[in-house]
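What follows draws every value from the coordinates through simple rules; no lab data is involved. What you see is a predicted model; the values in this text were computed from it and never measured. Heads up, the Cβs are rebuilt from the backbone with ideal geometry, glycines too, and the neighbour counts pull from every protein chain shown.
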């Protein structure tokens with residue numbers, strides 16, 4: 001029996017604790033991801049936040065659920 005392999009996504013996963021402050025996100029996380037994109041233009045940049053507390057705050061305030069590391073790797 002042949003198993004179907006998952007489609008592999010080629011990209012970079014940018015993992016951080018996260019932040020609920022938009023200004024801090026812009027100055028740090030977005031800036032680093034921009035550098036990744038310039039260094040590896042052929043790759044898609046994926047983001048994951050490791051702090052469940054930060055993810056919860058963002059979801060509550062903004063309605064957006066950033067993935068954690070496990071979710072992003074699926």
*Once the piece of chain linking residue 68 and residue 40 is laid out straight, how much longer is it, given 0.36 nm per residue of separation minus the C-alpha distance between them?*
7.8 nm
*asked:* Could you tell me the calculated FRET efficiency between residue 28 and residue 56, based on Cβ-Cβ distance and R0 = 22 angstrom, to the nearest 0.05?
replied: 0.65
*Which peptide among 46-55, 61-70 comes first, and what is the full order, when sorted by highest mean count of other Cβ atoms within 10 Å?*
46-55, 61-70
*State, as an integer percentage, the relative contact order of the chain based on alpha-carbon contacts under 8 Å between residues 6 or more apart.*
34
*the chain: C-alpha gyration tensor shape, a/c 1.5 cut-off, then a/b vs b/c*: oblate
